[in-house]
Structures are given as structure tokens and as C-alpha cells.
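The values are calculated or read from the model by the stated rules, or taken from the named source; none is laboratory data. Quick caveat: nothing in here was measured; it's all calculated off a predicted structure. Cβ atoms come from the backbone with ideal geometry, glycine included; neighbour counts cover every protein chain shown. We work out accessible area using only protein heavy atoms, side chains counted, and drop any ligands, DNA or RNA first. Shrake-Rupley method; radii C 1.70, N 1.55, O 1.52, S 1.80 Å.
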Amino acid sequence: MKSKNVARRAVARLLGAAVLSAALIGVAPAGAQAATPTQAALSTQALQTSSVVAVAQPTLKRGDSGPAVRTLQKKLNALGYWTGGTADGQFGGNTEQAVLALKKVARLPRDGIAGPKVWRALADGVRPKARSSRGHVIEVDKKRQVLKIVDDGRVRFTLNTSTGSGQQYSSQGTTRVASTPSGRYRVYRQIDGVRHAPLGVLYRPKYFNGGIAVHGADSVPAYPASHGCVRVSNAAVDWIWNTGKMPIGTRVRVY
């Protein structure tokens, strides 16, 4: 009796699978009721929808390309995470920096890979808040390691940055701590070119606190790594210069 029951359950499972498969293609197996046109259409639509979601939201990284990357770039740009200004479908350095900035704001693991949590953060509209409420201000958030371009309390753009490492270093016979002091400043000097400073190369620096500047760098890691300056990518600082985002006199708030 037990073996007969097992056999009956197995047949039932097979028949159920056949009915489900038939419903998806609109054909009924022998002995089963055919799916109605409406049921078949709904099943086909569900499959198409799930397929679109799977294709549109893959895990992406530097070097990838295609429509999914273009969608990612458009969503990043819409929230102010600068990817270079255009959605070209190429996951390069600018897109990687934008993903890294978003992940910092969303408190996700700090890397440039766009996985399911990045897509979710984009769908949720995750973006940072401003500390300032009036005027045009460059805000440097040391905890999140992002630079925000703010107008009247609204964050317009968010860039990945790297500030003072907090580590000791020696220069010209003196030992110092690499720090980016908090405070309120203004841009007072700038160099439209490359400065070979004692502590390294600064690309198109905009100084706001003594020798501390926002400048372009070849390396802008996910963590504090500078001697005190505020690093952004070379492409980002070119954009800042070319669009007049940080002229002499611009307020800078570091916290």
C-alpha cells in the first residue's frame, strides 16, 4: 500500500509540472484542462518581466559595457553621482568612482562594483544630505569620504574623495600627522596645471586652507590616504574647473 501511495504522489507531481509548463506555452497535456488565453498571456508576461529585471540589473564592474551599464550611469547621474556627464555604456574609471561614492553614502562595502544592493540604493534614491543651507558650498564629508557640491542646501553632485590618512609622515626633517582639519574656509588660490609639491603631485589644485587643496590625483581610493589634501579624480577636477564649480572665493566646509 505504501509503495502505491508513493507512486501516486510521483504521478501527481509529474502531472502538476506538465500543467504548469503547458500553461506557460498555452498548451494542455493529455488529461488536463487547457490554460485559458488570459492565463497563458499572464504567464508569458510574468516570464518576460522577470527576464527584463534579470538582464537590466546584473552585477557590473569596470570593463563591462552595454545597455545595463548605460542604465546604471543614467540612474547615477540622476541622483548627482558624477559619471563623466554622459551615459555611454562603458564602465570606466568615472563610473567606478560614482559607484564608489554611492556605496559610501549608502553605507555599503566600499568598492566600485555595482551589485544588487547598488541597484536597490538607486531605486530608493539614496543621496547625501547637506550641512549648509545657503549659497554655493563645497562640502567635504570626512566620515563618508565624499565631496558634495551644494546649492542652497541641496546636494547637486557627489564625488568620491580621499582625505588625510591620519598617519604620521616625515617631510623636510619634520614629522607630522596627515590630517584634513575640519572647519569653514574659502578658496583663495588655484593653479591651472600640475604642481610638484614636496609631498607629491597636485593636479589643478584649488587651495582653501594653507597648503591643503582640492586637487586631481591618479589614485582616489575608498579610504583616507592623502597627506591632508582632498583628492578627487583627474577627470573630476577637470570638470570642476571647466564648469566653474569652484572659483576663487567659493566656500568650503569640512567636517
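If you count only protein heavy atoms with a 1.4 Å probe, what accessible area per residue comes out for the range 132-206, rounded to a whole Å²? Mind showing how you got there, number by number?
Details: 4000 Å² over 75 residues.
Roughly 53 Å² per residue, with all protein chains present.
Assuming R0 = 30 Å, what is the FRET efficiency of Asp218 and Arg120, from their Cβ-Cβ distance, to the nearest 0.05? Let's see the in-between values first.
Working: r = 32 Å, r/R0 = 1.05.
FRET efficiency, Asp218 to Arg120: 0.45.
Taking Lys206 as the anchor, which lysines have their alpha carbon closer than 27 Å to its alpha carbon, excluding any fewer than eight residues away along the same chain?
Answer for Lys206, where 27 Å is the Cα cut-off: Lys103, Lys104, Lys129, Lys142, Lys143, Lys148, Lys245, listed by chain and number.
Given a 1.4 Å probe and every protein chain left where it sits, what share in percent of the accessible area of the range 87-159 is carbon and sulfur? Don't skip to the end; give the middle numbers.
Values: 1480 of 3300 Å².
Carbon and sulfur together cover 45 percent of it.
Run the quick spin-label model on Asp151 and Ile248: label points 7 Å from Cα toward the beta carbon, then report their separation in nm to one decimal.
Each label point is offset 7 Å from its Cα along the Cβ direction, giving 2.4 nm.
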